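A.B. asks: Below are the structure tokens for one structure; questions will follow.
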């Protein structure tokens, strides 16, 4: 996640670096035991995943009438 308006070249660089870091054995070894499977995707794939999850969970919340107190 980056602020809106972040230049594309910076987004691409950050994405590449996160992908590289997630492949490091020491990073995987710390994440796997706490139930996190490190995966890497494109910014577009992440955006699509977030939109799909928001739609899915938003519908469930509306259907059951959940309200914030």
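Throughout, read-outs are computed from the coordinates displayed, never taken from laboratory work. Since this is a predicted model, take the numbers as computed values, not measurements. Ideal geometry is used to build each Cβ from the backbone, glycine not excepted, and the neighbour counts take in all protein chains shown.
A.B. asks: Picking from 50, 36, 11, which is most flexible by a Gaussian network model of the chain using Cα springs under 10 Å?
C.D. replies: 36
A.B. asks: Give the order of 49, 40 when sorted by the count of other beta carbons within 10 angstrom, beginning with the fewest.
C.D. replies: 49, 40
A.B. asks: Please find, in a Gaussian network model of the chain (springs between Cα atoms separated by less than 10 Å), the residue of 47, 19, 58 whose mean-square fluctuation is greatest.
C.D. replies: Per the Cα network of the chain with a 10 Å cutoff, 58 tops the list.
A.B. asks: Okay, next question. Which three extents, in whole angstrom, do the alpha-carbon atoms of the chain cover along their principal axes, largest first?
C.D. replies: Here the spans come out as 43, 35, 21 Å, largest first.
A.B. asks: Relative to the first principal axis of the alpha-carbon coordinates of the chain, what is the inclination of helix 8-22, with its axis defined by its Cα atoms, in degrees from 0 to 90 and to the nearest 10?
C.D. replies: Approximately 80 degrees, to the nearest 10.
A.B. asks: Using only the alpha-carbon atoms, how far is helix 43-64 inclined from the longest principal axis of the chain? Give it as 0 to 90 degrees, nearest 10.
C.D. replies: With rounding to tens, the tilt is 20 degrees.
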